[in-house]
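Each remark here refers to the structure printed beneath this line.
The values are calculated or read from the model by the stated rules, or taken from the named source; none is laboratory data. Quick caveat, the model's predicted, so the values are computed rather than measured. Here Cβ is always computed from backbone atoms with ideal geometry, including for glycine, and neighbour counts include all displayed protein chains. SASA here: full protein model, heavy atoms, side chains in, ligands and nucleic acids out. Shrake-Rupley method; radii C 1.70, N 1.55, O 1.52, S 1.80 Å.
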Amino acid sequence: QVQLVESGGGLVQPGGSLRLSCAASGSIFSINVLGWYRQAPGKERELVASITRGGLAITNYADSVKGRFTISRDNAKNTVYLQMNSLKPEDTAVYYCYALTGYKYWGQGTQVTVSS
């Protein structure tokens with residue numbers, strides 16, 4: 001079992017920045033990949049970014065966020081971060097942290113709203 005707790009969402013103006021955090025607990029060493037999905041109203045959940053947990057940190061990004069978002073990890077704190085810069089209104093969504101073992105675990109979600 002893996003538990004995930006997200007924090008850091010909120011309201012920000014276009015062009016602004018936010019950093020999301022996701023703290024993992026439980027069967028940490030069974031986790032292969034950590035990352036973030038998002039879901040906007042009326043749309044399907046989409047992968048935003050992912051990072052491998054062990055060894056070399058291999059990252060992957062959706063085309064829509066490349067160059068603006070950065071995913072990172074702190075294995076000592078069992079935490080993954082999503083630094084979001086140059087935010088756009090279309091980034092507005094509920095952001096969900098996930099952890100992949102042989103099963104995909106989800107956090108509860110955190111709302112990010114980009115609006116003036």
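Here are some notes:
- Beta bridges from DSSP with both residues in the chain: antiparallel share about 95 percent, rounded to the nearest 5.
- Probing with 1.4 Å while keeping every protein chain in the model, the per residue accessible area of the chain equals 52 Å².
- In this Cβ point-charge picture (+1 for Lys and Arg, -1 for Asp and Glu), the chain has a dipole of about 140 debye about its Cα centre.
- Charge sum, other residues only, whose C-beta stays under 11 Å from GLU46's C-beta, Lys/Arg counted +1 and Asp/Glu -1: +1
- C-alpha center-to-center spacing [segment 51-116, segment 1-38] in angstrom: 6 Å
- Within segment 32-46, backbone nitrogen closer than 18 Å to the virtual label 7 Å beyond the Cα of THR113 toward Cβ: 39-43
- Of the trypsin sites (Lys or Arg not before Pro) in segment 18-116, those whose Cβ has at most 12 other Cβ within 10 Å and which sit in DSSP loop: LYS43, LYS66, LYS77
- Shown here for segment 22-103: chymotrypsin sites (Phe, Trp or Tyr not before Pro) in loop regions (DSSP other than H, G, I, E, B) with at most 15 other Cβ atoms within 10 Å, namely TYR103.
- In the chain, the portion of solvent-accessible area held by carbon and sulfur atoms comes to 50 percent [1.4 Å probe, whole percent, DNA, RNA and ligands not counted].
- Within the shell defined by Cβ-Cβ distances under 14 Å, the residues around LEU4 carry a net charge of +3, with Lys and Arg each +1 and Asp and Glu each -1.
- Inter-site label distance for ALA76 and TRP106 at 7 Å from Cα along Cβ, in nm: 3.3 nm
- The length gained on full extension between GLN39 and LYS66, counted as 0.36 nm times the residue separation minus their Cα-Cα distance, comes to 8.0 nm.
- Electrostatic bookkeeping for ILE71 treats Lys and Arg as +1 and Asp and Glu as -1; over the other residues with beta carbon under 14 Å from its beta carbon, the sum is +4.
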